[in-house]
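The values are calculated or read from the model by the stated rules, or taken from the named source; none is laboratory data. Not measured: the values here are computed from a predicted model. Heads up, the Cβs are rebuilt from the backbone with ideal geometry, glycines too, and the neighbour counts pull from every protein chain shown. Note: accessible area is taken over every heavy atom of the protein model, side chains too, but ligands, DNA and RNA are not part of it. Shrake-Rupley method; radii C 1.70, N 1.55, O 1.52, S 1.80 Å.
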Amino acid sequence: MTQTDCLIVDDEPIAREIIRTYCAHLPYLRVAGECGSALEARTVLMQQKVDIVFLDINMPVMDGISFLKTLKTPPQIIFTTAYKEYAVDAFDLAACDYLLKPFSLERFIVAVDKAMEKLLPTGNTFMDAGESKGDDFLFLRSDGKIYKVMHEDLLYAEANGNYTKVRTAQHTLLPAMTFSGFEGLVPKSKFLRIHRSFIINKSKIDHIEGNRVFIQNTEIPIGSNYREQFLKQIGLSS
């Protein structure tokens, strides 16, 4: 998958760190730079191409709204701010999205997906485009290491508070990412959500009994709200 370059612009170091951490959960994003002011960001944009800018509004010397007005051909802009009163101005300037601090990883992913869809040359969704390029793996950060996990080795994932328990053929990983965040990383054609707390690899199903799926002797419940769609996805009617 082609990487997308992004720039983080915020005068608060902690805010930049949060966005940098969120970006690390999305292997298709590459942080091309970080800036503490709009003027610094302007210099960076004059020197290199950036696809997405995470832009704070309330900054010294020049605020984010004024900065955007100076750009003739701006990248996709995702505002990140603690001030909701600027939202109308932001969207008037064709901002891609407006994240109100503090925002969750799930909300961050939604904003990034909007930007990715605008960057794609076709009308396909971002997930469809990622699948069409044939990627068969993802990277997960767990226990101070970064694991390359092949789709074929991934058995299932389970929601576990602020973490997601990922069970593979070789490991049980606990990446510090939300369940929705993980769901956004795997192709929907291969991985099915069968319960509010479980995503399974369709190819790893051993058998189905009642409202349970069995994968390598692990019993996984099928949620009542997911059963009908699940049966359709595997070619069965309810």
Item checked: Peptides ranked, highest mean first, by Cβ atoms within 10 Å: ranges 188-194, 167-173 -> 188-194, 167-173
Next item on the list: Multiply the residue separation of Ser203 and Asn217 by 0.36 nm, subtract the distance between their alpha-carbon atoms, and state the gained length in nm to one decimal.
Entry: 3.6 nm
Notebook entry, point to check: Each label point is 7 Å from the Cα along the Cα-to-Cβ direction; what then is the distance between the points at Gln47 and Val61, in nm?
Noted result: 1.4 nm
Next item on the list: Give, in nm to one decimal, the length gained when the segment between Asp89 and Lys148 is fully stretched (0.36 nm per residue of separation minus the Cα-Cα distance).
Entry: 17.1 nm
Next item on the list: Taking only the C-alpha atoms, wrap a convex hull around the stretch 1-57 and report its volume per residue in Å³ as a whole number.
Entry: 63 Å³
Next item on the list: Calculate, for the stretch 11-69, the solvent-accessible area per residue in square angstrom, rolling a 1.4 angstrom probe over the heavy atoms of the protein chains.
Entry: 49 Å²
Notebook entry, point to check: For Asp136 and Gln233, what is the calculated FRET efficiency with R₀ set at 25 Å and r taken between the beta-carbons, to the nearest 0.05?
Noted result: 0.80
Item checked: Estimated inter-spin distance, Asp113 and Thr73, nm [label 7 Å along Cα→Cβ] -> 3.0 nm
Check: Considering only protein heavy atoms and a 1.4 Å probe, what is the carbon-and-sulfur percentage of the accessible area of the chain?
Finding: 48 percent
Next item on the list: Please report how far the C-alpha centroid of the stretch 64-124 lies from that of the stretch 196-238, rounded to the nearest whole angstrom.
Entry: 37 Å
Check: What pairs from Lys165/Lys204; Lys101/Lys165; Lys148/Lys190; Lys188/Lys232; Lys114/Lys148 go past 20 Å between their alpha carbons?
Finding: Lys101/Lys165; Lys114/Lys148
Item checked: Taking the chain and dividing mean pair separation by its residue count, relative contact order in percent (alpha carbons under 8 Å, at least six apart) -> 11 percent
Next item on the list: With percent of Cα pairs over 29 Å apart in mind, check [x] 37; [y] 24; [z] 40 and report the label derived from this structure.
Entry: [x]
